[in-house]
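The values are calculated or read from the model by the stated rules, or taken from the named source; none is laboratory data. Note that the structure is a prediction, hence the values are computed from the model and not measured. With ideal geometry, Cβ positions are generated from the backbone for all residues, glycine too; neighbour counts draw on all protein chains shown.
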Amino acid sequence: MNPTQRSQERYVLELLSSLSYRTGELPTYLQHLASGVSQLLGVDWSIVTLYDNGVGQVVGSSIELPDEELSPYETHGTIASNVFSTGQAFIVEDVSTNPGCGVIDPGYQAYLGVPLRSPQGTIMGTVCSLHRYPRHFTVEEVGIVELFAERAATAIDNYNLYQQQRRFNEILEAEMAKRTEELKVAQMKLVEQERLAAIGEFATTIIHEIRNPLMTMLLGLKLL
């Protein structure tokens, strides 16, 4: 390995180590990740997309995009659909010589896309890099993007698990609050029942204490 390769590898590791989805929201993390890919490869644009049943959505971009570019879109016929269908990295060095590669964003000539694969092996999206001029992508560059894709997939999976756990905790807290309130109501009813029982017992005692003298008086009156 020559000094340039060592320096690049060290830079890649440093950049990956500096990225953490725990320090902020996931979109910001993915934006930084896409920017890191563009910086390392020296390309004009890199994006992270998520894919679900033929629909894709940009969730991280190295350049600021208008809101309409962030809307869900049909992936069928796009250049990224090759990544979804093969599950492998897809490279087009010059779209003008590959008319059947699929639709690419206007103004871009070169494309590199790698699958965003979940820890369970499911392809959840892509990490794509685009360049305005024809460009050759080396095996090392593909490997770099695959490293970033692996990190992005892990972050997305962990983030989703975190959101699921948070929703579960919210449901659990709501259920606990409901049960606590029900327990308070039940305790209040029990206290009320005990109070009424005590009043009834006291009344029974009073009646008994009054009835005995009355019966004696009635018996005396009858004898008289």
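Got at least one residue in the range 81-97 being of a type in the set (F, W, Y) and closer than 19 Å to N160 by Cα? Walk me through it before giving the result.
First, the residues of the range 81-97 that are of a type in the set (F, W, Y): 84, 90.
Remaining after also requiring closer than 19 Å to N160 by Cα: none.
For the range 81-97, residues of a type in the set (F, W, Y) and closer than 19 Å to N160 by Cα: absent.
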Exactly one of (1) surrounded by 10 or more Cβ atoms within 10 Å (Cβ to Cβ); (2) aliphatic (A, V, I, L, M); (3) assigned to a helix (DSSP H, G or I) is unmet by L221. Its number?
(1)
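Which strands (runs of 3 or more DSSP E) does the range 1-112 wholly contain that include 1 or more residues that are at pLDDT 85 or above, closer than 16 Å to I144 by Cβ and of a type in the set (A, V, I, L, M, F, W, C)? Spell out how you get there, then give the answer.
Numbers: elements: 45-52, 55-61, 90-92.
Per the criteria, 45-52, 90-92.
Pick out the one residue from I156, I210 that is of a type in the set (V, I, T), under 24 Å from S85 (Cα atoms), out of contact with any strand residue (DSSP E or B) (no Cβ under 6 Å at 6 or more places or on another chain) and surrounded by 10 or more Cβ atoms within 10 Å (Cβ to Cβ). Steps first, answer last, please.
Values: I210 fails: under 24 Å from S85 (Cα atoms).
The unique qualifying residue is I156.
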All but one of (1) under 17 Å from S38 (Cβ atoms); (2) out of contact with any helix residue (DSSP H, G or I) (no Cβ under 7 Å at 6 or more places or on another chain) hold for V59; state the number of the condition that does not hold.
(2)
Go through the range 32-60 and count every residue that is under 24 Å from the mean Cα position of the chain (by Cα), farther than 14 Å from L116 by Cβ and buried (at least 20 other Cβ atoms within 10 Å of the Cβ).
1
